[in-house]
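The values are calculated or read from the model by the stated rules, or taken from the named source; none is laboratory data. Remember, it's a predicted structure, so these values are computed and weren't measured experimentally. Cβ placement follows ideal geometry from the backbone for every residue including glycine, while neighbour counts extend to all protein chains displayed. Only protein heavy atoms, including side chains, enter the accessible area calculation; ligands, DNA and RNA are left aside. Shrake-Rupley method; radii C 1.70, N 1.55, O 1.52, S 1.80 Å.
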Amino acid sequence: MLKDVEQQPLDSTRELSITPSKSSSPNDFDFLVRRWKIHNKKLKSRLNNCTEWVEFESFLECHKILNGFGNTDSYRTQFNNVPFEAMTLRLFNPKTRLWSIYWADSNAVVLDVPVVGSFDGMIGTFYAKDVWAGQQIIVGFRWDKTNHDGPIWSQAFSSDEGKTWEWNWYMTFYKQS
């Protein structure tokens with residue numbers, strides 16, 4: 001498991017303060033371009049002190065787009081024998097040197113608010129202000145690509161402007177042929 005978010009993503013005006021790392025580049029997600037089997041560990045419910053985890057397998061395939069300044073993936077699994085499909089769109093802005101990550105799934109069928117950030121070495125952190133179950137939150141994504149054969153994505157929510165975080169979803173990736 002990954003430890004809590006080390007930084008406070010809000011500035012003194014309570015707006016997100018996201019700056020790129022010195023090494024931020026359009027190649028940051030090159031490790032992800034391929035087919036993966038994923039082990040998911042997800043809290044059964046969020047922001048209500050839930051301690052029950054649901055674990056399941058899924059599959060993902062990622063491809064570069066826009067001459068290497070972006071990538072997209074297709075995510076597939078089943079919940080209670082009902083197919084679930086999602087997609088991610090990641091775009092690297094060469095002017096700001098920040099990534100924007102958008103998610104859409106077959107339940108909501110809309111693009112979520114993008115999380116924005118960059119990699120500093122092998123760890124990428126990304127944030128967005130959003131709403132969960134009618135509550136204002138900050139969403140945090142963390143990508144750990146220390147192990148290129150088994151990167152880990154994790155998601156956390158904060159309902160108190162980044163003072164505390166609930167890690168609610170972990171994905172451990174395994175390379176497929």
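A few remarks follow.
- Residues within segment 22-63 that are small (Gly, Ala, Ser) and over 20 Å from Gln155 (Cβ atoms), tallied: 3
- Among the residues making up segment 105-122, none is under 13 Å from Met87 (Cα atoms) and touching a residue at least 40 places away in the same chain (Cβ under 8 Å).
- Among the criteria (1) in contact (Cβ under 8 Å) with a residue 40 or more places away in the chain; (2) of a type in the set (D, E, K, R); (3) closer than 19 Å to Tyr170 by Cβ, the one Arg97 does not fulfil is (3).
- Segment 57-90, subset of a type in the set (Val, Ile, Thr) and either touching a Lys or Arg at 6+ places or on another chain (Cβ under 6 Å) or free of Cβ contacts under 8 Å to residues at least 12 places away in the same chain (or both), residue farthest from Leu111 (Cα to Cα): Val82
- Test: residue in segment 123-143 that is surrounded by fewer than 20 Cβ atoms within 10 Å (Cβ to Cβ), in contact (Cβ under 8 Å) with a residue 12 or more places away in the chain and over 22 Å from Glu166 (Cα atoms): no
- In this structure, Asn81 does satisfy being at positive phi and either aromatic (Phe, Trp, Tyr) or at pLDDT below 95 (or both).
- Within segment 14-91, strands (runs of 3 or more DSSP E) holding 1 or more residues that are aliphatic (A, V, I, L, M) and open to solvent by less than 50 Å² (accessible area, probe 1.4 Å): 35-43, 53-65
- When Thr72 is tested against (1) under 16 Å from Phe29 (Cβ atoms); (2) at pLDDT below 95, exactly one condition is not met: (2).
- Given (1) touching a Leu at 6+ places or on another chain (Cβ under 7 Å); (2) open to solvent by less than 70 Å² (accessible area, probe 1.4 Å); (3) in contact (Cβ under 8 Å) with a residue 40 or more places away in the chain, index of the condition Ala156 fails: (1)
- Flag set for Asp149, criterion: in contact with a strand residue (DSSP E or B) (Cβ under 7 Å, 6 or more places away or on another chain), open to solvent by 80 Å² or more (accessible area, probe 1.4 Å), within 20 Å of His39 (Cβ to Cβ) and without any contact (Cβ under 8 Å) to a residue 40 or more places away in the chain.
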